[in-house]
Amino acid sequence: MVYHDIEGMSVDDLRDLQGDRLADTVRRAYENVPFYRDALDEAGVDPDDVSSVDDVERLPFTTKEDFRDEYPDGLFAVDDGEVRRIHASSGTTGKPKVVAYTEGDLEVWREVMARSLAAAGVEPGDTVQNAYGYGLFTGGLGFHDGVEELGATVVPTGGGNTAQQIEMLRDLESDAFACTPSYCLYLAERLEERGIDPADLSVSTVTIGAEPFTDPMREAIESALDVTAIDVYGLSEIIGPGVSIECEEAQEGLHVWEDHFYPEVVDPETGEPLDEGEEGELVLTTLTKEALPVLRYRTGDITSLTREECDCGRTHVRMDNVTGRTDDLLIVRGVNVYASQIEEVVVDADGVAPHYRIDIDREEELDRMAITVERAPDDDGDDAALEQRLRDRLDETLALSPDDLSVVGPGEIERTEVGKVQRVYDHRDDA
Ligand code: DLL
């Protein structure tokens, strides 16, 4: 279902609108945020010269470090009295990134989330159980507001508390469920333990995001829960969930709501813009944010863009599923490999459960990689044969031979009930 006419706006009109909104955003950032005034001056950009989206490439980048340096509110562009809500996202190191919303920003967020849910196939009157965490994390409240805005019913279970989650899913007969991909797997196992067949639940759609996942992982989720899994993307620095989503009609890339967020893909090394279809780092510019306008944010997320017509009729550009981040690149003895490439091989293999972990160590100046995978419960248990199959596939597809590859029994790899999953453990900096 298309929620708003703007989703089908002609590409030319969309570009005109983006140009006007970009000019406004740059002017507001320049006038209200000393950080941006300095950065724009240094880049030699006069806000009065910004009039079309083509000018975006002249703007300076904003990075995660800038958020940390300006902690907590140095990037805010409005007075405290206009801020209605704060969220924060914590990384693995340093201070969290604190983000702010005016009443207008909250309205935009509600709307893009309502659009996203409608694109995923949720309809007014449906019931959506929201298992994203509430609190400073943007997932819980972002989904919550969007469900209500769409005219559907939200069941705000939040993260974890799986026994209650299952009880509510059964008794309230929710049509859709919202959670991270790792929680889908967790939930599927708890359902099985209780002898509940997911096919007997009324949930038909799960909107999964907040973590990278590959196609084999999505297939594992869809089959374990007997649902369609729709990929939803977003980040706190830009708004939260609702930057982009797959449409249920095509499920071929995620439509970026580009009347509010302008996407580019750049070479992660040089920062040079890449062409449509080329894979690189996603860079986003907010076009309507009031409390926290952000120019050319280096998301670190790897994707590519396509403007090809989509079956669903939406004209908004699509980004590819994000399976990894620039900082997930594991360089092990000169071989560059992303965790997602390993995931694709191991999760796709027969006899393996969709759970794994990667440990990187350094011994006597040499990097060592250990991969641990889990035997699927219904596998007959020839671990040696399984290990050899995986080694052959890793070698064939990635030229990678892990120093250690172990197969463990069902349930032995730690699960994630709350928050974002961690699968890569780099111990090289521990010493
Ligand atoms: O994770 C917002 C969100 C909540 C998105 C719920 C979707 C659903 P942050 O905590 O700021 O915000 O983390 C943002 O998570 O830069 C990506 O690296 C990753 N990420 C988010 N969605 C996806 C996705 C939320 N669909 C960071 N696929 C982003 C892959 C994703 N990675």
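The values are calculated or read from the model by the stated rules, or taken from the named source; none is laboratory data. Since the structure is predicted, the reported quantities are computational estimates derived from the model, not experimental observations. Virtual Cβ from ideal backbone geometry, glycine too; neighbours counted across all protein chains shown.
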>> Kindly evaluate VAL337 against the criterion of being more than 16 Å from the ligand (Cβ to nearest atom), outside the structural domain of ASP24 (by TED's automatic domain parsing) and within 19 Å of ARG393 (Cβ to Cβ).
In response: yes
> Mind checking which residues of region 111-136 are free of Cβ contacts under 8 Å to residues at least 60 places away in the same chain and surrounded by fewer than 24 Cβ atoms within 10 Å (Cβ to Cβ)?
Replying inline: PRO124, GLY125, ASP126, THR127, TYR134, GLY135, LEU136
> How many residues does region 350-386 hold that are more than 27 Å from TYR186 (Cα to Cα) and either assigned to a loop (DSSP other than H, G, I, E, B) or in contact (Cβ under 8 Å) with a residue 60 or more places away in the chain (or both)?
Replying inline: 5
>> Take residues that are surrounded by 15 or more Cβ atoms within 10 Å (Cβ to Cβ) and touching a helix residue (DSSP H, G or I) at 6+ places or on another chain (Cβ under 6 Å) and tell me which of the helices (runs of 4 or more DSSP H) falling wholly in region 1-110 contain 3 or more.
In response: 11-32
> When the residues of region 234-280 are filtered to those that are aliphatic (A, V, I, L, M) and not in a strand (DSSP E or B), which remaining residue is surrounded by the most Cβ atoms within 10 Å (Cβ to Cβ)?
Replying inline: ILE239
>> Please count how many residues of region 220-245 are more than 9 Å from the ligand (Cβ to nearest atom), in contact with a strand residue (DSSP E or B) (Cβ under 9 Å, 6 or more places away or on another chain) and not hydrophobic (A, V, I, L, M, F, W, C).
In response: 2
> Looking at (1) under 15 Å from ILE208 (Cβ atoms); (2) not in a loop (DSSP other than H, G, I, E, B), which is the one condition that is false for TYR132?
Replying inline: (2)
